[in-house]
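The structure appears below as structure tokens.
The values are calculated or read from the model by the stated rules, or taken from the named source; none is laboratory data. Source: prediction; values computed, not measured. Cβ: placed from backbone, ideal geometry, glycine included. Neighbour counts: every protein chain shown.
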Amino acid sequence: MLEKLLAHPGVREVCELRSRFGFMAFHGGSLEEMTDVIAADAAERSGASYYGVLQPDDLQWHIPSHKVSPAASPALASFVEHVDVVVTVHGYGRQGLFTSLLLGGRNRDLAQHVGSHLQAHLPAYDIRTQLDSIPIDLRGQHQDNPVNLPPNQGVQIELPPRVRGSSPLWWDWEGPGHTPHTEALIVALAAAATSWSIDTQQPTEPGAR
């Protein structure tokens, strides 16, 4: 599936290898709006690696995460081989969860770490780090999901429209830059990445990096 999507006119694949902490947004572009921008900006600000797939305005082709395989993309394969942990950024919308950020994936220590940064920067949002509080289909637990392919796996973040700046709340926002909530989100993700120690797989002490 991924191979066919990448061959579609207008689809762009981006891979930037930096540190061994990675951010991904393979449902980016017009599909899950702003996820690629958020992941790319957080990666650039923190010196992390980044992989994204961006769909053009006339395409919204959703490939289930567990079908996004490195076997179909040399760039994705190189990314997965390069990073140690990853945060994958997704967008969703579901009744009753419009202010809920859902942190799935198999690295639960990293989920708690990222969640603490999100809570500090987005106190008005519901930051869910307990798997049993996340809908089953949004938990990111499948073994073939790219979030679980790096050596120490990672965290799948599901973002509602509001924090991505794509809800009616921001209809009159003219900038400059991102909406305040999106900017706070990116700052939190970058801070989580720079304060996570790859060597020990835990947060670094304040001031250590």
* Structure fact -> Apart from one, (1) surrounded by fewer than 22 Cβ atoms within 10 Å (Cβ to Cβ); (2) in contact (Cβ under 8 Å) with a residue 40 or more places away in the chain; (3) in a helix (DSSP H, G or I) all hold for Leu54; the odd one out is (3)
* Structure fact -> For segment 170-197, pairs from a residue that is over 21 Å from Leu103 (Cα atoms) to a residue that is assigned to a loop (DSSP other than H, G, I, E, B) and hydrophobic (A, V, I, L, M, F, W, C), with Cβ under 6 Å and 6 or more apart or across chains, are Thr179/Trp173
* **Asp36 vs. criteria buried (at least 24 other Cβ atoms within 10 Å of the Cβ) and in a helix (DSSP H, G or I)** => yes
* Structure fact -> From the option list Pro146, Pro151, single residue qualifying as within 28 Å of Ile63 (Cα to Cα) and either surrounded by 15 or more Cβ atoms within 10 Å (Cβ to Cβ) or of a type in the set (Gly, Ala, Ser) (or both) is Pro146
* Only residues that are over 10 Å from Pro150 (Cβ atoms) and at pLDDT 95 or above: list them for segment 80-96, please. => Val87, Thr88, Val89, His90, Gly91, Tyr92
* To do: Return the total of residues in segment 1-33 being among the acidic types (Asp, Glu), surrounded by fewer than 24 Cβ atoms within 10 Å (Cβ to Cβ) and part of a loop (DSSP other than H, G, I, E, B).
  => 1
* Single condition Gln60 does not satisfy, out of (1) surrounded by 15 or more Cβ atoms within 10 Å (Cβ to Cβ); (2) part of a loop (DSSP other than H, G, I, E, B) -> (1)
* Looking at Gly175, Gly105, Gly93, which is the one that is on the phi > 0 side of the Ramachandran plot and either in contact with a helix residue (DSSP H, G or I) (Cβ under 8 Å, 6 or more places away or on another chain) or not small (Gly, Ala, Ser) (or both)? -> Gly105
* Which is free of Cβ contacts under 8 Å to residues at least 24 places away in the same chain and more than 23 Å from Asp41 (Cβ to Cβ), of Gln130, Gln141? -> Gln130
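With Ala77, Ala48 as the choices, which residue is farther than 17 Å from Pro161 by Cβ, crowded, with 21+ Cβ neighbours inside 10 Å and at pLDDT 95 or above? Even if it seems obvious, please write down each step before you answer.
Working: Ala77 fails: crowded, with 21+ Cβ neighbours inside 10 Å.
Only one candidate passes the filter, namely Ala48.
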* Failed item, numbered, when Ala124 is tested on (1) of a type in the set (Gly, Ala, Ser); (2) buried (at least 20 other Cβ atoms within 10 Å of the Cβ); (3) not in a helix (DSSP H, G or I) -> (2)
* To do: State all residues of segment 85-113 that are touching a Gly at 6+ places or on another chain (Cβ under 8 Å), assigned to a loop (DSSP other than H, G, I, E, B) and within 26 Å of Arg12 (Cα to Cα); if no residue qualifies, say none.
  => Gly105
